[in-house]
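Scroll down for the structure; my scribbles are underneath it.
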Amino acid sequence: MAPSPARDRLARRLRELREQCWPDYQVTQAALAAALGRLAPASVSSWESSTAPKLPPTDRLRAYARFFATHRSVDGDAPRLLSQNELTEDERAACQALEDELFSLRNEVKNPARQPEADRQHPWRFTDTGPLTIVCAQLPEGVVGSFANPDDPNYTELQSFADLDSLIELHGHIRAENPAMEVFFKASPKVVPDDLSGHLVLLGGIAWNKVTKRLSEMTPLPVKQVTDEAIETGEIFVIDGDEDQKLLPTWRDDEGRKILAEDIGLLARVPNPINSNRTLTICNGVHSHGVLGAVRSLTDAQLRNSNEQYISQNFGNPRSFAILLRVTVIEARAMTPDFNAPGCVLYQWSARDNGT
């Protein structure tokens, strides 16, 4: 495992216990290894290393706590590990306190504390004043309701927008993160050339959004969206390679009905191919649930910080990255993906993968 401040703190504490726990007795690594049982001195040395410490197993930390909880561990001819039943009430309390301390240090290694605000990437926070335009697909005739008809007295322009949940979620978040920035949203057919030279966000897939299709073709992303006869309700993602790897949503049977159980979402950030000084962000999915999952991965108040930290740790400060995500659907609602959860990230790429 890679060195870390938390790992160093645990190693230093284990070394202090062995060397300084009792002023009248310093335990050697060999003696401690013998007392803990079936342990090589090299293991103790590796846990205490000041250069590349290894992480002790939990059972060894419990043994450490019990050993250093009482001076009686070294009162005999050779150091020994007392059983739990041999400890007095005060020694048990000392053992528990020491165990809690060591496990807390170990947990810091396994689950690093949130990165400082200044060190974490904020993908939706920009250093310039924009503008930024969110481009959505426009629903085709036959899908929209009557309120999307300009002749209807209750005409509402947004009724003709696809991925409306994602648009509302993202527009509000970007405005809050960038109060001085001009933030617009437009349906794909109404986009003009000037809209394409600022920061761009493309919501949704290629079927109803020609802008997304054209700009996606202009990027270096190794992830493409294509039609596939296996999915009649959306377009799937494939990963470029010797053999294209298909990523498909999963379904469950609910009393004879086919219900979407997991969608696939794409979150990608690359330089805008129209203006390399600005960004192009793609929030896409096989279905709308995947689009919303990609959006909420960096807007959800409960998970965005850890997901931002994941981007910082895995990509540093890249200009180009992409993450294909598993988006769980429960009761027709997209759950926010947790990048750190096992199986959530299906594929990831950054420009560094190509040496760029």
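Laboratory data are not the source of any read-out in this text; all were calculated from the coordinates shown. Remember, predicted model here, so these are calculated numbers, not experimental data. Cβ sites come from the backbone with ideal geometry, for glycine too, and all protein chains shown count toward neighbours.
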### Table column - 3J(HN,Hα) (Hz), region 257-269, Karplus curve with 6.51, -1.76, 1.60, x for Gly and Pro
9, 8, 10, 5, 9, 9, 9, 10, x, 10, 10, 9, 9
### Query
Where in region 124-141 does the label zone of residue 186 land, with the point 7 angstrom along Cα→C-beta and an amide N cut-off under 19 Å?
129-140
### Query
How high is the relative contact order of region 5-110, in percent, counting Cα pairs under 8 Å that sit 6 or more residues apart?
31
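May I ask you to derive the relative contact order of the chain, considering only C-alpha pairs under 8 Å and at least 6 residues apart, and to give it as an integer percent? Could you put the intermediate results ahead of the total?
On the way: 596 pairs, mean separation 42.4, N = 356.
Rounded, it is 12 percent for the chain.
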#### Entry: Cross-link pairs beyond the 31 Å C-alpha cut-off, checked among 110/224; 110/258; 190/224; 110/246; 190/258
110/224; 110/258; 110/246; 190/258
### Query
Long-range amide H contacts for residue 187: which residues qualify at under 5 Å (H placed 1.01 Å from N, peptide plane, sequence gap of 5 or more or a different chain)?
136
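Given a cut-off of 13 Å, what percent of all Cα-Cα pairs of region 143-191 lie beyond it?
Working: 755 of 1176 pairs.
Tail of P(r) above 13 Å: 64 percent of Cα pairs.
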### Task
Search the structure for amide H atoms under 5 Å from the amide H of residue 228, placed 1.01 Å from N in the peptide plane, and list their residues when 5 or more places away or on another chain.
236
### Message
Ignoring solvent entirely, what values of log10 I(q)/I(0) come out of the Debye formula for region 247-296 at 0.13, 0.28 Å⁻¹ when each Cα is a single scatterer?
### Response
-0.42, -0.94
#### Entry: Residue order, fewest to most surrounding Cβ atoms within 10 angstrom, among 158, 346, 32
158, 346, 32
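Looking only at Cα atoms, what is the convex hull volume of region 5-110 per residue, in Å³?
Hull volume normalised by residue count: 94 Å³.
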## Note on the structure
Note to self: C-alpha centroids of region 1-43 and region 44-118 sit apart, in Å, by 9
### Query
Along the charge dipole of the chain, which of 256, 350, 79 sits closest to the positive end, that is, farthest toward it, with unit charges on the beta carbon of Lys, Arg, Asp and Glu (+1, +1, -1, -1)?
79
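Under the 0.36 nm per residue contour assumption, what length would be gained going from the current alpha-carbon distance of residue 111 and residue 253 to full extension? Mind showing how you got there, number by number?
Working: separation 142, 0.36 × 142 = 51.12 nm, distance 3.66 nm.
Full extension from residue 111 to residue 253 adds 47.5 nm.
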### Query
If amide H atoms are built 1.01 Å from N in the plane of the peptide, which residues on other chains or at least 5 residues away come under 5 Å of the amide H of residue 346?
324, 325, 326
### Query
Just the C-alpha atoms of region 218-265: what Rg/Rh do they give, with Rh taken as the Kirkwood radius?
1.07
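Please find the FRET efficiency linking residue 274 to residue 141, where r is the Cβ-Cβ separation and R0 is fixed at 45 Å, and quote it to the nearest 0.05. Intermediate results must be reported in sequence, preceding the final value.
Details: r = 30 Å, r/R0 = 0.66.
According to the calculation, E is roughly 0.95.
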### Task
Treating only the Cβ atoms of Lys and Arg (+1) and Asp and Glu (-1) as charged, compute the dipole magnitude of the chain about its Cα centre; round to the nearest 20 debye.
1020
### Query
Using only the Cα atoms of the chain, what do you get for the radius of gyration and for Dmax, in Å?
27.8, 97
### Message
Order these by the 10 Å Cβ neighbour count, fewest first: 347, 25, 310, 64.
### Response
25, 347, 310, 64
### Task
With label points built 7 Å along Cα→Cβ from the Cα atoms of residue 71 and residue 154, find their separation and express it in nm.
8.4
### Message
Just want the answer: with Cβ charges of +1 for Lys and Arg and -1 for Asp and Glu, which residue in 26, 145, 320 is farthest toward the dipole's positive end in the chain?
### Response
26
#### Entry: Those lysines that a straight Cα-Cα span of less than 21 Å connects to residue 186, excepting residues fewer than 8 apart in one chain
210, 213
